[in-house]
1. Compute the relative contact order of region 202-248 as a whole-number percentage, counting only Cα pairs closer than 8 Å that sit 6 or more residues apart in sequence.
2. Could you let me know the centre-to-centre spacing of region 74-113 and region 267-292, using Cα atoms, in angstrom?
3. Counting only helical runs of four or more DSSP H residues, what would the 222 nm mean residue ellipticity of the chain come to if each run contributes -39,500 (n - 2.57) and the total is spread over all its residues?
4. Starting from the Cα gyration tensor of region 10-77, multiply each eigenvalue by 5, take the square root, and state the resulting semi-axes largest first in whole Å.
5. For region 5-224, report the % of Cα-Cα distances exceeding 30 Å.
6. Sort 47-56, 271-280, 123-132, 94-103 by the packing proxy (mean of other Cβ within 10 Å over each peptide's residues), most packed first.
7. Please compute the contact order of region 5-224 in relative form: average sequence separation of alpha-carbon pairs under 8 Å and at least six residues apart, divided by the residue count, as a percent.
8. Can you spot the lysines whose alpha carbon is less than 23 Å from residue 254's alpha carbon? Ignore those fewer than 8 places along the same chain.
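Every number in this text was worked out from the coordinates using simple rules, so none of it is lab data. A quick note: this is a predicted structure, and the numbers were derived from the prediction, not measured. Positions of Cβ are generated from backbone atoms using ideal geometry, with glycine treated the same way; all protein chains shown enter the neighbour counts.
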Amino acid sequence: MRFSGVLTALVTPFKNNAVDEETCAALIERQIRAGIHGLVPCGTTGESATLTHEEHEQVIEICVAVTRGRVPVLAGAGSNNTSEAVRLTRFSQKAGADGALLITPYYNKPTQEGLYQHFKAIAEAVEMPLVPYNVPARTGCNLLPPTLSRLARDFPHIVGVKEATGDMSQGSRILEACPESFDVLSGDDFTALPLMALGGKGVISVTSNVAPDRMVAMCAAVADGNMPGAARVHHALFPLHEAMFMETNPIPAKTALALMGLMREEMRLPLCPLSKSGREALIAVLKKQRLL
């Protein structure tokens, strides 16, 4: 299994502080109708940090069941506790996910050797495709290109990376260091097009929660070799990308979906509702983008 194009980092809808299964299924169907290339439940955008283990498994099971093999499911299964990451990844494989997205251990701040040993332990425990997720701004550690290259060559089922440093020089070094078949995916909507121009395979997107068809159109233009067309979509979407991160993700994305009538406006503490000024700015962007 390889991962490319637009994979949506799904929000997790709640109803009275419990997972809203009906809305979760409806959001997944909307994504598939829009032509999305893959789904990522239980990532940062899915508020994985505040899901219980039972809820985490529930959301993965819903996504696999509703998707029914129509697009790949890359299940969030990472942790800063290696044994817990192994358990979640084993569950994802048993549940029928097509791969597991594995965030680098946060707070621990492991060395490069510690990062290698962490992913080695997970890779030795399962046979499914694995995609490390590198986001130093949230984790406090950076999975460097030589370490990633070592993992990719030692474990063929470590098939890609979600690269969210926003550093195009690091993206270039990853593309140079890793096998040509290795799937380098942008972890930021802002850098999706620049990274694909360098040879990246796609993006794990927050914006596609709100505008999946437009993110798909941008990736389709890249696949067709129409870079000017892709750039036009990128520039048109840029205000929406900015809006999705005006406050902590996924607060703006969930608020936008609620304003569009697609889910309840409910976050789980310590995330809280969008500020009044942020809400006004978000509404203005959504109207300009003809999403309201």
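1. The normalised contact order for region 202-248 reaches 34 percent.
2. After rounding, the separation between the Cα centres reads 31 Å.
3. It lands at -14500 deg cm²/dmol.
4. Values for region 10-77, descending: 19, 13, 10 Å.
5. The answer is 16 percent, as a whole percent.
6. 94-103, 123-132, 47-56, 271-280
7. That works out to 20 percent.
8. Result set, ordered by chain and number: 15, 162, 276, 287, 288.
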